[in-house]
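Enquirer: The structure follows.
Here, each number is a calculation from the coordinates, and none is a lab measurement. Predicted, not measured: the structure shown is a model, and the values here were computed from it. Here the Cβ positions follow ideal geometry from the backbone for every residue, glycine too, while neighbour counts run over all protein chains shown.
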């Protein structure tokens, strides 16, 4: 791969995934052409249709190929009612997160227009923070089991995994991110008053690492206090860092404060290596094929992909185009607009081509 040409793997997936991914690609191609950026897109058919056809979820050798041949992955969504176990989705999504060691999950919670927050009398600047979630450990490590399943004596165990390496590297990433932001503010959240073994590790690592970042205004909140404070006064937060489960929950709360999952992008990254970018709204099978899904989450996800590639100008152009479309009411019905998925994508592309 050359420095000028970036190779992007595209996995549209299931449900509304292909529809919103198509609009994200439209926006990316437009903004890349305007900025004379070289990118090559390669699409993969990994999803429910492929799994039902030949039993393939994540093909053999896929991770090695992604790691060696691509700079980034644009991911749509997975999940299909024809596969009740959701096994293919777990294989694909968790396979890439864990197999590529994408240990940082980044969820920006940014309010583009105050009309879309459920909080009363809040300005855009008051909902503008990052949730950084440890992405490869915790309760999602799938360690546990069931004993005497489907009997009155059934026992189910699910183990939380916290390693020194895993905790330190997400905390260090969070502090470095906070140091680069204007407010230089960080909040670490855990439940160490109840989870006295695993989350004691978070406490000790936090105390040690914060000493190396004296310029960052850092503090700790228990997770139950954090969720209350996010609703009471979201403007106090800049960077929030926490474990896998808590991060999954509070990032959805943050998304709702910023206008809903339809406007929520995310990144799963390993700094310096191939990383994956996905909107977080899921596959929404009931909406598939109806041209009603909101494509802005996928387009904002593409902006994060641009940032990661070092093309921040293009990333900002994508965000500004979405912001303009929202303020002009050129959006889908979930945000009070009258446009379909394709038409909303067309509007953003037109803004980008005329900029």
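Enquirer: With the cut-off at 1.5 for a/c, could you classify the range 104-263 from its C-alpha gyration tensor as rounded, prolate or oblate?
Expert: Values: a/c = 2.36, a/b = 1.36, b/c = 1.74.
Taking the square roots of the gyration eigenvalues as a ≥ b ≥ c, the range 104-263 is oblate.
Enquirer: Follow-up. List the relative contact order of the range 104-263 as a percent without decimals, with contacts defined as Cα pairs under 8 Å and 6+ residues apart.
Expert: Working: 277 pairs, mean separation 55.0, N = 160.
Computed value for the range 104-263: 34 percent relative contact order.
Enquirer: Note the full-extension length gain between residue 195 and residue 231 as 0.36 nm times their separation in residues minus their Cα-Cα distance, in nm to one decimal.
Expert: Full extension of this stretch gives 10.5 nm more.
Enquirer: Per-residue counts of other Cβ atoms within 10 Å, averaged by peptide: what ranking do you get for 81-87, 182-188, highest first?
Expert: Values: 81-87: 11.3, 182-188: 18.3.
Highest to lowest by the protection proxy: 182-188, 81-87.
Enquirer: Compare the peptides 242-255, 206-219, 282-295, 143-156 by average per-residue count of other Cβ atoms within 10 angstrom and give them in order, highest first. It would help to have the intermediate numbers written out before the result.
Expert: On the way: 242-255: 21.6, 206-219: 14.7, 282-295: 18.9, 143-156: 9.3.
Peptide ranking by packing, descending: 242-255, 282-295, 206-219, 143-156.
Enquirer: Output the relative contact order of the range 158-212, whole-number percent, from Cα pairs under 8 angstrom with separation of 6+ residues. Walk me through the numbers on the way to the answer.
Expert: Working: 33 pairs, mean separation 24.4, N = 55.
Across the range 158-212, relative contact order equals 44 percent.
Enquirer: Given the DSSP H assignment, sum -39500 (n - 2.57) over each helix run of at least 4 residues in the chain and divide by its residue total; what's the result at 222 nm in deg cm²/dmol, nearest 500? Intermediate results must be reported in sequence, preceding the final value.
Expert: Numbers: 11 runs with 136 residues, N = 355.
Per the formula, -12000 deg cm²/dmol.
Enquirer: Ranked highest first by the average count of other Cβ atoms within 10 Å around their residues, in what order do 59-69, 11-21, 127-137 fall? Could you put the intermediate results ahead of the total?
Expert: On the way: 59-69: 13.6, 11-21: 26.4, 127-137: 23.9.
With the highest mean Cβ count within 10 Å placed first, the list reads 11-21, 127-137, 59-69.
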